[in-house]
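> One structure coming up, written as structure tokens, with questions to follow.
A short reminder: the numbers here are calculations on the coordinates, not readings from a lab. Nothing here was measured: the structure is a model prediction, and the numbers come from that model. Cβ placement follows ideal geometry from the backbone for every residue including glycine, while neighbour counts extend to all protein chains displayed.
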Amino acid sequence: MFTFKRILLFALFLSTSFAFIHAAEDITIVVSTADNSLVFKVDKDKKLRQSYYGNTLKNEDLKEIQSGTIDAYPTFGTSYLNEAALRVVHADGNTSTELVYDSYSTRKISDDVEQTEIVLKDAYFPLVVKLNFKAFLKENVIEQWTEISHTEKKAVTLYNFASSQLTFNQQNYYLTQFYGNWAEEMKMEEVKLTRGLKVIDSKLGVRATGYAHPCFLLSLNDKVQEDAGNVIGGTLAWSGSWNMTFEVDQLENLHVISGINPYASQYSLKPKTVFKTPSFLYTFSSKGSGAVSRNFHSWAKQYGIYRGDRTRTTLLNNWEATYFNFNENVLTGIIKDAADMGFELFLLDDGWFGEKYPRDDDKAGLGDWMVNRKKLPNGLGYLVNESSKNKIKFGIWLEPEMVNPKSELYEKHPDWVITQPNRPLDLVRNQLILDLSNPKVQEHVYSVIDKTLTDNPGIAYIKWDCNRIITNSGSFYESPETQSHLWIDYVNGLYSVMKRVREKYKDVSMMLCSGGGGRIEYGSLPYFDEFWISDNTDALDRIYIQWGTTYFFPAMALASHVSVTPNHITGRTTPLKFRFDVAMSAKLGMDLQPKDMSAEDKEFSKKAIQEYYKIRGVVQFGDMYRLLSPYTSTRTALMYVTENKKEAVVFSYLLKKTISGNTQPLILKGLDSEKMYTLTEIDKDPKSYSWFSPLEGKTFSGEFLMKYGIRFTLYNEYDSKIIKLTAN
Ligand code: GLA
């Protein structure tokens, strides 16, 4: 039954809606990509409304769009009913903000990128909010961020400061969230959104992707599908605490607000300074989540990761090979073996430094970035030389943001760490985090990297780690009034260091690592070539972790290492071929002591690495298609296709033994239906009979492969196949 209040609200809604449609002064602002339109309208009260986001609309149809009633950037105090994107306490103590439209402008940045700025102003206070959009035309990605400034007499305090709000008006909303923990990152779960608020967030301060990932898929009306349905993918480019709210309101509208986590982070903004939020990146497709991923991948390769056009190198990392227990001889041996096997780089991990407090375990030495001469009497330069003698490159592990209390650095600068005075030190992995809001600390962190690279010319690669979160969030640098700024200033300090490093060392490759996959986001990735998604190198677990990660991040940047069996973390035993086949579907590397391998395994590895080089271009630069999900099928498969559709590679894995064999067909995608493709198996196991053999060397049309597919049996747990397709 309608209550009086409901009828009143409904009448109010109708009357205001009609008023908007017919208002003479209607302004329509369209942010367009090749296939998407994001439309804003200004209503008669000069309120900016987000009125449409979806497949491209024709220009002549834009005038038919109703403006709607939801503020594009809702503010506390006047946009009453729902979560606010912006909450400001003004200099005079007033807690309300009311934004009205002022102007907008667009400019072409390149043939592919167009930037739109919409200026909103408070109706009373001299407070300006600029909504910025970069539309990446070909990639169908929109980057949105907000800039807040004012000229009030004193500072204002920002309590909420979202990057963006998106609104939808559909029957049902299905949210896929990505979550995990150390060694089990990027799991996926889909939930139907119901009335009220669903919040996903991180309060870790750093390591934004520690337990929950600032990424989501939103499927409109039906559950998410790979190749059909209206799906939005969104991710926040921020390395600190973040927050995304999904609110289904009283009229079944969905409001999605994304940004820095405002929790305990109120920010006092001085007059004439600009508060710039991080970017929220999003894309829409009416062709399912597969297209959403490909949009993100092609955007990332061009704009989101460092030099996405460069081939990523294979490497051997000594972490799981030696942990802290190595010396010059051991490393020289590994370098020789790595080169002999065909790797392109040797990566020296943790444990090479510390004088007074040698880093022989994780309890001491962090922060003291001088070579441990007991382990490495001839220094890093010797290892760089050894690598180059063996014709491979040399890389090094650094964790410049951190310090062990047992270190010379901490003895000298106890006030450089984040901690609360009068509270015991809160150690995580026996270490503390340096306060990067402090410019002196920024300078120090930069100099650690700069000195390591200038003292040892020839270092070609850095693995930049970050093994703890922020707790006891006190800063000796911030004033008593600005302690809550730490969460934001830390991240901006970090970016200023990363930027400086990148400006000076353009050709050094960098891997982003954070206790495994704690920092995979597009805030840091513009400075990094690749990332470490998990300390869990178990190939079976990796299938799931890689599956989730590649919804938003391209496989070219996803380092995947073959390690020993039984796996150090899970204890699981899997065939070497399976471990290779999983790693080869991304950026191949290895994390084991080659000396401990059998001659046969070494020989297999050598061949596998050469096989990887044959398909590396397709994997790193091709378009990815998911064929069978490990979440719904015991056989899982994915494939890559080059842009010209002349080459493709299919990866397929059996997760569970099936007595009579798994014959699930692999219905391929993304091929040219007119082209004829010849099939070749890659990375064959010479020992085992292959049920693929009858198809070896056979040629089929793209159309056939996309309708009938490839059919062969997989029997045993962890059986795997890589099939290369070459167009004639
Ligand atoms: C983190 C990383 C590992 C390794 C260790 C070294 O856990 O994720 O790969 O580098 O640190 O301490």
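> Take GLN170 and ASN378, extend 7 Å from each Cα along the Cα→Cβ direction, and tell me the distance between the two endpoints in nm.
Placing both labels 7 Å beyond Cα along the Cβ direction yields 6.2 nm.
> Under a crude label model (7 Å from the Cα following the beta-carbon direction), how far is GLU503 from TYR124 in nanometres?
It works out to 4.3 nm between the two label points.
> When the convex hull of the C-alpha atoms of the stretch 502-641 is computed, what volume per residue in Å³ does it have?
So the per-residue hull volume is 129 Å³.
> So what are the three principal axis dimensions of the stretch 581-728 from its Cα atoms, in whole Å, longest to shortest?
49, 36, 29
> I'd like the projected area of the stretch 315-535, averaged over all directions, using the convex hull of its alpha carbons. Report it in nm² with one decimal.
Directional mean of the projected Cα hull area for the stretch 315-535 stands at 11.5 nm².
> If you don't mind, there's one more thing I want to ask. Report, in deg cm²/dmol and to the nearest 500, the calculated mean residue ellipticity at 222 nm for the chain, where each DSSP H run with n ≥ 4 adds -39500 (n - 2.57) and the sum is divided by the residue count.
Details: 13 runs with 153 residues, N = 728.
Computed ellipticity for the chain at 222 nm equals -6500 deg cm²/dmol.
> Next up: Between SER388 and ILE27, what's the calculated FRET efficiency when r is the beta-carbon distance and R0 is 60 Å? Round to 0.05.
On the way: r = 62 Å, r/R0 = 1.03.
It comes to 0.45.
> Find out how many positive minus negative residues lie around ASN221, taking Lys and Arg as positive, Asp and Glu as negative, among other residues whose Cβ is under 15 Å from that of ASN221.
0
> Would you kindly state how much longer the chain becomes between GLU252 and LEU197 on full extension, computed as 0.36 nm times their sequence separation minus their alpha carbon distance, in nm to one decimal?
18.6 nm
> Over its Cα atoms, what ratio of radius of gyration to 2.2 N^0.38 Å does the chain give? Don't skip to the end; give the middle numbers.
Numbers: Rg = 27.0 Å, N = 728, 2.2 N^0.38 = 26.9 Å.
Cα Rg divided by the expected 2.2 N^0.38 Å: 1.00.
> Right, next: Contour minus end-to-end for ASN327 and GLU481, with contour as 0.36 nm per residue of separation and end-to-end as the Cα-Cα distance?
50.5 nm
> Now for a different question. If you project the alpha carbons of the stretch 21-304 onto their three principal axes, what span does each projection cover, largest first, in Å?
52, 49, 41
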